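Trainee: Below is a structure I'd like to ask you about.
The values are calculated or read from the model by the stated rules, or taken from the named source; none is laboratory data. It should be emphasised that the depicted structure is a prediction, and the values quoted were computed from it without experimental measurement. Counting neighbours? That spans all protein chains shown, and the Cβs are built from the backbone with ideal geometry, glycine included. These area figures cover heavy atoms from the full protein model, side chains too; ligands, DNA and RNA do not enter into them. Shrake-Rupley method; radii C 1.70, N 1.55, O 1.52, S 1.80 Å.
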Amino acid sequence: MARNKAPSVKPKPKPKQTTDKSAKPRLNNAERSAYFARREAAKVLHTVLQGDANRQAVASIKSLVYSPSIRNKRATFALVCQTLKHLRIIKDVLEIANIINSKWKRQEELIYIIAYDILFGKEISLVGGDAEKFLACRKDAMQSALAKLVVRKKAKNIDDFIALYQPPDITKPCYVRVNTLKLDVDSALHELGKQFKVQKDDMIPHLLVLPPHTDLHNHSLVLNGSIFVQGKASSMVAAVLDPKPGWEVLDACSAPGNKTVHLAALMKGKGKIIACELNKDRAKRLEDTVRLSGAANIEVLHGDFLNIDPKGPFSKVSAILLDPSCSGSGTAAQRLDHLLPSRTTDVVDTVRLNKLAAFQKKALAHALSFPAVKRIVYSTCSINQIENEDVVNSVLPLATSNGFQLATPFPQWQRRGLPVFEGSEHLLRTDPVEDKEGFFIALFVKKGSEKNSEERSGSRKLAGSLANGRGRLKRFCHVNTKNLALPVFYRGIFKPWLHTKSSLTRKTYNSSN
């Protein structure tokens, strides 16, 4: 009997070894790290440039880089800063070499980053992505365009040419504020002292001073919210408002939230803080800051402060911190704002300043209308008179009619308001050259309040204890703009100083979140 033959099974062919030259080569660790750092830097640069174009920054460069979503923070921060410093040159090079076409226009921030690496960065292999390959093939054209620019500027060499575009290094101490909701000052001193030279600030409680260029972005105390990197002038603002535990406080323009969580710490987590922010992206950043701080008494409102009814649910607010949108001219050097496209000209943007000032006046007048408020702080990180003294002067009649008067925050501080109206000696300024950042603070206090009488008494004691008290204090009351000597770099940035209802979405945070 014939047997049926079993079906033959052919062996599977072995996969062929690919010899396709177009296959992406495997990246080593250094190349992989550089590849991802360039893309993270491009995302940050896109946010920065978009905010500059819209005149509404989401956050500073450093804040964006040090957000949890950025993994390689050190490399990303360096790439963003260096690309911004060279951005005008990079744009000119790309234009002369005719590099960016319609395809790459959608990724122009990544092109800027890679172009920096090619022209000025370290000698690393540009592998791993189509954008790197695209520009690597055009390296000679870019270097030729750069050489043409050097000749046009009549520079002796590349270094002299680059120096024409570079600002001086702004060296200032690194300040950190201890979040006393999580850690006491002595413990923070002990922990930071293991790695750095650290001391207490002589004026601001809970503020510590470290050497310039101290890098804390990856320190455990920063990552867990026990300390916040925050400048001295910025730390003055909440301290001037000086809210008491149990008060109801309104932070009118809260994001990114450092001053908000400082208020919570001063109140020892007791009472209530309403943190208001209109911009959606900035509100998210505010929420992250509140969550990191562990503050349980902060309620975030995503909405417009101007739409809050003073006689409504928040009629019992005792204190208001108003730190509204401003030009940021006082912190331009630290933020690298002066390198952004809108700031690389000496022309004063008077239209923008007038719009900002109009909003600031309206917001301050609104703050003065809350019936139970005892203390109001108006602050900016601007050095422009139009955003500072002029705003305060415009609301003085309303403030007086509502029972407020200007008080003198930190009487021992030497620099005071510009002498443009009677009473401007009560205002506080920090100097962008002497203090490395320019801030402005005005404190309104309801007449007859207990705190007001204490401050006036304290001011008299301080004045009496100083040698030649009145004469010496008077000498430092105002900034003498005639004798003010600014470096060449600052004259362009600070020129303005020398010239004269949507619904609210509430979200409350608990420390357990």
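Trainee: List pairs: first in region 297-311 and more than 13 Å from Glu277 (Cβ to Cβ), second assigned to a strand (DSSP E or B), Cβ under 7 Å, 6+ apart or cross-chain?
Mentor: Pairs that qualify, where the first residue is more than 13 Å from Glu277 (Cβ to Cβ) and the partner is assigned to a strand (DSSP E or B), are Asn297/Lys272; Asn297/Ile273.
Trainee: Given the conditions (1) surrounded by fewer than 17 Cβ atoms within 10 Å (Cβ to Cβ); (2) in contact with a Cys (Cβ under 9 Å, 6 or more places away or on another chain); (3) not charged (D, E, K, R), which single one is not true for Ile61?
Mentor: Every condition holds for Ile61 apart from (1).
Trainee: Could you go through region 381-394 and let me know if any residue there is open to solvent by less than 40 Å² (accessible area, probe 1.4 Å), of a type in the set (Asp, Glu) and under 20 Å from Lys259 (Cα atoms).
Mentor: yes
Trainee: Take the conditions more than 26 Å from the chain's Cα centre (by Cα), at pLDDT 95 or above and surrounded by fewer than 17 Cβ atoms within 10 Å (Cβ to Cβ) and apply them to Asp186. Does it pass?
Mentor: Spelling it out, Asp186 is indeed more than 26 Å from the chain's Cα centre (by Cα), at pLDDT 95 or above and surrounded by fewer than 17 Cβ atoms within 10 Å (Cβ to Cβ).
Trainee: May I ask you to list the residues in region 356-374 that are under 16 Å from Lys447 (Cα atoms) and among the polar types (S, T, N, Q)?
Mentor: Ser369
Trainee: May I ask you to say which residue of Val237, Val290, Val249 is aliphatic (A, V, I, L, M) and farther than 20 Å from Ala407 by Cβ?
Mentor: After applying the criteria, what remains is Val290.
Trainee: Among residues belonging to region 364-407 that are more than 26 Å from the chain's Cα centre (by Cα) and hydroxyl-bearing (Ser, Thr, Tyr), point out the one that is farthest from Ile204 (Cα to Cα).
Mentor: Ser401
Trainee: Which condition number does Pro341 fail, the rest of (1) modelled with pLDDT under 95; (2) open to solvent by less than 10 Å² (accessible area, probe 1.4 Å); (3) touching a Leu at 6+ places or on another chain (Cβ under 9 Å) being met?
Mentor: With respect to (1) modelled with pLDDT under 95; (2) open to solvent by less than 10 Å² (accessible area, probe 1.4 Å); (3) touching a Leu at 6+ places or on another chain (Cβ under 9 Å), Pro341 is out only on (2).
Trainee: May I ask you to list pairs of residues, at least six apart or on different chains, whose Cβ atoms are under 7 Å apart, with the first in region 391-406 being under 16 Å from Phe359 (Cβ atoms) and the second being in a helix (DSSP H, G or I) and open to solvent by 50 Å² or more (accessible area, probe 1.4 Å)?
Mentor: Close Cβ pairs (under 7 Å, with a partner that is in a helix (DSSP H, G or I) and open to solvent by 50 Å² or more (accessible area, probe 1.4 Å)) amount to Val391/Lys361; Ser394/Lys361; Val395/Lys361.
Trainee: If a residue must be within 28 Å of Gly294 (Cβ to Cβ) and outside any strand (DSSP E or B), how many such residues does region 152-194 contain?
Mentor: Residues flagged as within 28 Å of Gly294 (Cβ to Cβ) and outside any strand (DSSP E or B) within region 152-194 amount to 17.
Trainee: Could you say which residue among Leu398, Leu428, Leu443 is modelled with pLDDT of 90 or more and exposed (fewer than 15 other Cβ atoms within 10 Å of the Cβ)?
Mentor: Going through Leu398, Leu428, Leu443 in turn, the sole match is Leu398.
Trainee: Given the criteria open to solvent by less than 50 Å² (accessible area, probe 1.4 Å), at pLDDT 85 or above and in contact with a helix residue (DSSP H, G or I) (Cβ under 7 Å, 6 or more places away or on another chain), does Ala131 qualify?
Mentor: yes
Trainee: Right, another one. Looking at region 227-253, which of its residues are among the small types (Gly, Ala, Ser), open to solvent by 10 Å² or more (accessible area, probe 1.4 Å) and either within 19 Å of Ala367 (Cβ to Cβ) or within 20 Å of the chain's Cα centre (by Cα) (or both)?
Mentor: Passing the criteria: Gly231, Ser234, Ala239.
Trainee: May I pose another question? Within region 355-376, restricting attention to residues that are over 22 Å from Ala239 (Cβ atoms) and of a type in the set (D, E, K, R), which residue is modelled with the lowest pLDDT?
Mentor: Lys355
Trainee: Something else now. Condition first: touching a Leu at 6+ places or on another chain (Cβ under 8 Å), buried (at least 23 other Cβ atoms within 10 Å of the Cβ), at pLDDT 95 or above and assigned to a loop (DSSP other than H, G, I, E, B). Can you find one or more residues in region 263-278 that meet it?
Mentor: Within region 263-278, not a single residue is touching a Leu at 6+ places or on another chain (Cβ under 8 Å), buried (at least 23 other Cβ atoms within 10 Å of the Cβ), at pLDDT 95 or above and assigned to a loop (DSSP other than H, G, I, E, B).
Trainee: What about Ser327, is it among the polar types (S, T, N, Q), modelled with pLDDT of 95 or more, in contact with a Lys or Arg (Cβ under 8 Å, 6 or more places away or on another chain) and buried (at least 21 other Cβ atoms within 10 Å of the Cβ)?
Mentor: Taking the combined requirement at face value, the residue does not satisfy it.
Trainee: Continuing with the same structure: Here are some conditions: (1) in a loop (DSSP other than H, G, I, E, B); (2) β-branched (Val, Ile, Thr); (3) at pLDDT 50 or above. Val479 meets all but one. Which one does it not meet?
Mentor: (3)
Trainee: While we're looking at this one, here's another question. Looking at (1) part of a loop (DSSP other than H, G, I, E, B); (2) open to solvent by 10 Å² or more (accessible area, probe 1.4 Å); (3) more than 18 Å from Val373 (Cα to Cα), find the lone condition where Ala295 falls short.
Mentor: Answer for Ala295: the failing condition is (2).
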